[in-house]
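The values are calculated or read from the model by the stated rules, or taken from the named source; none is laboratory data. These numbers were taken from a predicted model, which means no experiment stands behind them. Cβ placement follows ideal geometry from the backbone for every residue including glycine, while neighbour counts extend to all protein chains displayed. The area values use the complete protein model at the heavy-atom level, side chains included, leaving out ligands, DNA and RNA. Shrake-Rupley method; radii C 1.70, N 1.55, O 1.52, S 1.80 Å.
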Amino acid sequence: MKRAIYPGSFDPVTVGHIDIITRSSCIFDEVIIGVLNNSQKAPLFTAEERVRMLTEVTRELPNVRAEAFSGLLVDFAKKEEATVIIRGLRAVTDFEYELQMSQTNRQICPEVDTLFLTANVEYSYVSSSTAKEIASFGGDVSAFVPPLVAQEMKKRFSI
Ligand code: ADP
């Protein structure tokens, strides 16, 4: 049984994330989406809301589930008995940070390795922060996020 963790903020989940999740679910027996509950950041959606949206948009993938976590990623991986961390790479700008994180995680927990999947060219420009910026000005985010998330963003920004 090969179990992987796909960690991130997912504030909110985008079509780029869904592409990585779908491709990972074909490689691993089980994929756990780890939603980081970071008390130092002020997210648009709470960790519970992000988990709920991820659960909804991945409902057709039976070997995928979403869980919130806080603290060290490698501790969450060990708790879930996962041996692989999945990360997505969009451009070289992602690479430096990701390389450092993967080497740090391997240093503190050698039994957990990181696997990088390169972004689909169709979605390589997509990010949660760009989607939030567009939505905050009332723009159309339908190319960035699934319809359910677009609705939730619209509601959030109209409050
Ligand atoms: P973080 O705050 O940890 O970077 P994100 O929610 O922004 O979390 O992203 C989670 C992971 O998904 C990261 O590995 C990121 O590089 C990857 N990712 C984000 N957007 C895309 C995309 N459009 N295509 C592929 N991977 C992506």
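Among the residues of segment 114-135, those identified as in contact with a strand residue (DSSP E or B) (Cβ under 6 Å, 6 or more places away or on another chain) and not in a loop (DSSP other than H, G, I, E, B) are 114, 115, 116, 117, 118. Can you name every residue in segment 1-21 that is surrounded by fewer than 21 Cβ atoms within 10 Å (Cβ to Cβ), assigned to a loop (DSSP other than H, G, I, E, B) and in contact with a strand residue (DSSP E or B) (Cβ under 6 Å, 6 or more places away or on another chain)? Correct list: 9 only. Residue 144 meets the conditions (1) crowded, with 16+ Cβ neighbours inside 10 Å; (2) away from the ligand (no atom under 13 Å from the Cβ) in every case but one. The failed one is (2).
Close Cβ contacts (under 6 Å, 6 or more residues apart or on different chains) running from residues in segment 81-104 that are under 16 Å from residue 36 (Cβ atoms) and without any contact (Cβ under 8 Å) to a residue 24 or more places away in the chain to residues that are away from the ligand (no atom under 12 Å from the Cβ) and open to solvent by 60 Å² or more (accessible area, probe 1.4 Å) are absent. The set of residues in segment 109-129 being surrounded by 12 or more Cβ atoms within 10 Å (Cβ to Cβ), more than 9 Å from the ligand (Cβ to nearest atom) and more than 15 Å from the chain's Cα centre (by Cα) consists of 109, 112, 113.
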